[in-house]
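Remarks on the structure that follows.
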Amino acid sequence: MKFQVNSSIQITHISPEHAQGLFKLTDKNREHLKQWLGWIDLVKTYEDTETFIETAIHQHNHNQASTFVILYNQELVGVAGFNQFDHVNRWGTIGYWLCQSYMGKGIITKVVNQLLDYGFNEQQLHKIEIRCATQNHKSKAVIERLGLTFEATLRECEWLYDKFVDHAVYSILHSEFKNNPSVAANSQN
């Protein structure tokens, strides 16, 4: 499945053909990503990336999660998707990362907006959550720009290499997404 987000940005379901490019991108951005992602040290080899992709495909095939690669002008620049679906309660959680050299271009804002649309309209979700470390101001800015509501702070809920970090939990309901002018504005371009 592919989505053309705008003329420059596309997201497509992750597949084995992305393994080499994704490993190189992860390895090149290791220090940048390590600030906020606790799994970086688990991806040491190309084979680790292959295993991640196999797991992501299995989760997608069983409608448990949905992982996409982000392409900017056909170049692989990051990953985004639903880390989890709970179809009984009709909610999901979105996660994302972008290589450092493409930050600040509005890519993630547009990609997350597309994922919100996918979650509400194709997965029939009622609520979507995004969590990030409370000190991850760039990620929080994306979430707030899209009009999600701050719900709570989860204290020391993630071990990040040498310390626990708090998470800010944001959410948006389907009814809010349909009527949100922030979302409409961010879907343009």
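The values are calculated or read from the model by the stated rules, or taken from the named source; none is laboratory data. Since the structure is predicted, the reported quantities are computational estimates derived from the model, not experimental observations. Virtual Cβ from ideal backbone geometry, glycine too; neighbours counted across all protein chains shown. Remember, those area values only see protein heavy atoms, side chains included, never the ligands or the DNA or RNA. Shrake-Rupley method; radii C 1.70, N 1.55, O 1.52, S 1.80 Å.
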How much accessible area does ARG90 have with a 1.4 Å probe, in Å² rounded to the nearest 10?
110
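Give me the dipole magnitude in Debye, nearest 20, for segment 52-189 about the Cα centre, with unit charges on the beta carbon: positive for Lys and Arg, negative for Asp and Glu. It would help to have the intermediate numbers written out before the result.
On the way: 11 positive and 13 negative charges, 67 e Å.
It comes to approximately 320 debye.
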Can you give me the distance in nm between label points at GLN124 and GLN74, each placed 7 Å from the Cα along the Cα-to-Cβ direction?
3.8
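Full extension from ASP117 to GLN84: what is 0.36 nm times the residue separation minus their Cα-Cα distance, to one decimal in nm? Show your work: numbers first, answer last.
Numbers: separation 33, 0.36 × 33 = 11.88 nm, distance 1.58 nm.
The span from ASP117 to GLN84 would gain 10.3 nm if fully extended.
On full extension of the chain, what length is gained from ASN63 through GLN20, given 0.36 nm per residue of separation minus the C-alpha to C-alpha distance?
Additional length available on full extension: 13.0 nm.
Sum -39500 (n - 2.57) across every DSSP H segment of at least 4 residues in the chain, then divide by the residue count to get the 222 nm mean residue ellipticity, nearest 500. Walk me through the numbers before you get to the answer.
Numbers: 7 runs with 62 residues, N = 189.
Computed ellipticity for the chain at 222 nm equals -9000 deg cm²/dmol.
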Mind jotting down the distance between the C-alpha centroids of segment 8-84 and segment 143-172, whole Å?
21
Quick one: among PHE164, PHE85, PHE23, which has the greatest mean-square fluctuation in a GNM of the chain with alpha-carbon springs under 10 angstrom?
PHE164
Long-range HN-HN contacts of LEU125 with modeled amide H, under 5 Å
PHE120
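Ignoring ligands, DNA and RNA, please state the percent of accessible area on the chain from carbon and sulfur, probe 1.4 Å. Before the final figure, lay out the partial values.
On the way: 4750 of 9980 Å².
Carbon with sulfur: 48 percent of the solvent-accessible area.
Rounded to the nearest whole Å², what accessible area per residue is found for segment 91-189 with the 1.4 Å probe?
On the way: 4970 Å² over 99 residues.
About 50 Å² of surface per residue is accessible.
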Using the basic label-point model (7 angstrom from Cα toward the beta carbon), what is the LYS44 to THR134 distance in nanometres?
3.4
Among (i) 23, 20, 17; (ii) 52, 17, 14; (iii) 26, 20, 14, find the value of semi-axes √(5λ) of the Cα gyration tensor in Å that was calculated from the structure presented, and write down its label.
(i)
